[in-house]
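No lab work stands behind these numbers, since they all come straight from the coordinates. Source: prediction; values computed, not measured. For neighbour counting, all protein chains shown are included, and Cβ atoms are generated from backbone atoms with ideal geometry for every residue, glycine included.
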Amino acid sequence: MIEQLNQLIEQLLIQTAPTVPSIQQVVFVMLAIPAAVAALMVVLARNLFHSALALVGTLFAVAGIYALLEAEFLAVSQILVYVGAISTLITFAIMLTRGMMYGATSPLNRQAGTAIMIMGLLFAVLSGLVASMPWPENLVALETFSWGIFSNRITGEAIIASLGQKFLTTYLVPFELMAVLLLVALAGAILLARDRQ
Amino acid sequence: MEQWSESLFNLLGGLGLPQEVSTIIALAVGALVLASVAPVLALVLIWITRKVISRMQDRIGPNRIGPFGLLQTVADALKLLSKEDIRPANADFLSYALAPILSVFGVILTVAVVAIAPGWIGADLNIGVLYLVALGSIGIMAALMAGWSSNNKYALLAGFRVVAQLLSYEIPMVLAMLGPVLWVGSMRLGLITEAQSLNIFGFNLGLGWFVILMPGMALIYLISALAESEQTPFDLLEAESELIAGFHIEYSGMKFAMFFLAQFLNTFFLGAIGVMLFFGGWQGPFVDQLPILGVFYFLIKAFAFYVLVMWIKGTFPRVRVDQMMSFAWKVLVPLVLSLILWQMLAMKLFGPVWLQYVAVLAGNVIAIGIVVNVLTSHFKQEQVRTKRAFGPKSLIGTMQPYAGD
């Protein structure tokens, strides 16, 4: 795997060194560096609220990368769901737990070693996956890519329409299960929060 | 707008710049022009607010600086700029400084998808409506940041209040926006506006507004938009007459002004979105023959909405916090859900378009009728209960309210 990685890096160096980077590459770097820095801040910040804010920053930058990949629907949904709902919820939870709001907390606890190990493994697996993937060279190759995912690439408005159709045909069961799961969570929250008399 | 950026693009290409660089410059100039509309607009909005409110309170309002006092806001902005920038001790500097910027940022991004006239739209995104909904969440985050970083208990509590109100009313607002989206079958704001034409013998009257088709949805949208823009009767977040301020209590000078700016612009743009979704946007008589008329139609409608909001601000009392929450969750959300469900059924069940039209309209009118009826009897009962509990016996059975001892 390390050999493959080295090969990939060499290939990248050969590809990028003599040519001027395209605008997409510049924008990608402008998005990827903040995403990575903010992600590091999430785990390393001494103040929990700062971690939550850094998480919002990461999600924003990732949404930008989705937009760069012409997946506007995914990008906007990311902001709507993760920035709008989930981050607000996390921030709320942090704010309501007294003692965590102000003052520094150590980002390291007993599980730090295990977590670093697992994350290292995950990183190795993902980078191996990226390295072993036969990436198409250009857009024309992408259209006829044999992997199957890209073979029928649709763009623009058709993405949303086909998304809706897939939800109600191929992925009907998971979609409905998700709805039931949300309902269960809602009922559970009401049960936990109501007055006990 | 596209022609302008096209010509700029060609000009830059003529200067010998690479194609990608000139694309970026052309887009950036377009974005800058659109974004700088917003602060100028805010000056006008603040002037309108002051004039309308003054007239309602039998005053004249600003009339010294400039014609009709138009430059008063400029003078105020200069004053705010020259004020000392006070930072509370132990405030979290980064979030404290970032929060006002973020709140304005979220609102100004709205301009990109506003369709001013046929073809005049910054970016006709195919996810336009969803984009607008996503922008609303940035404002919530800004309020939370401001409340927390001020290092003030009251600001923090106010931040919680803001999030509770905005999240509650976002649900009926978004679901009401679904009405036109379902009917048109697209989330493009340009397309939704175009769909609201009314052709009679090939002549576009431009009066096929969705408010006629779905008055219930439009009403729910307007009520939720009032709550989202923190205006009366939902301005309990910053009850100017009795509380000092909401989450921005610790802000002063230009940072305070930015929250102010964001609120005014948000009010206007929520009205403008309502105009695009329910009141035909730039549609109107003769707009096909003379597209420039569309700009006037759109601006007239949008400003009419703003004046309406100010009218409500000048005349309505404020709701209590429990009334605000229960109105959102017990009235608006079930109502809008049933309307959406009915619209979906009507659009699938009935074949001819006119039948769908009648069914949706009837559903809206009946639903509103039922809700108004139920609410009326509820408030009557509440009044009777209040009288039984506190008032003298003679008041029971009369329409006279109990005024206290």
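The figures follow:
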read-out	value
MRE, 222 nm, helices only [DSSP H, n ≥ 4, -39500 (n - 2.57), over chain B, to nearest 500]	-22500 deg cm²/dmol
In nm, spacing of pseudo-spin labels at residue A:5 and residue B:199 (7 Å Cα→C-beta vector)	6.2 nm
Average other protein chain Cβ within 10 Å of Cβ, residues B:139-148	4
Cβ-based exposure ranking for A:183, B:175, in which fewest neighbours within 10 Å come first	A:183, B:175
Shielding score for A:75-84, defined as the mean number of other chain Cβ atoms within 10 Å	6
Value of relative contact order over chain B, rounded to a whole percent, pairs C-alpha under 8 Å and six or more apart	18 percent
Neighbour cut-off at most 15 other Cβ (10 Å), DSSP loop, GluC sites (Glu not before Pro), the stretch B:146-255	B:240, B:242
Candidates per trypsin sites (Lys or Arg not before Pro) in the stretch B:73-153, loop by DSSP, up to 16 other Cβ within 10 Å	B:83
Theoretical gain in end-to-end length, residue A:85 to residue A:185 [0.36 nm per residue, Cα-Cα removed]	34.5 nm
Highest-first arrangement of A:26-35, B:177-186, B:139-148, where packing means the average Cβ count within 10 Å	B:139-148, B:177-186, A:26-35
Exposure proxy ranking, count of Cβ atoms within 10 Å, fewest first, for A:50, B:378, B:248	B:378, A:50, B:248
Cross-link reach list, aspartates and glutamates versus residue B:83, counting only Cα pairs under 18 Å and skipping chain neighbours closer than eight places	B:250
Partner lysines for residue B:79 [C-alpha distance under 29 Å; skip if fewer than 8 residues away on the same chain]	B:51, B:153, B:255, B:313
Nearby lysines by direct alpha-carbon distance to residue B:380 (threshold 23 angstrom, same-chain neighbours under 8 apart not counted)	B:330, B:393
Which of B:92, B:322, B:124 has the fewest Cβ neighbours within 10 Å, and the rest in rising order	B:322, B:124, B:92
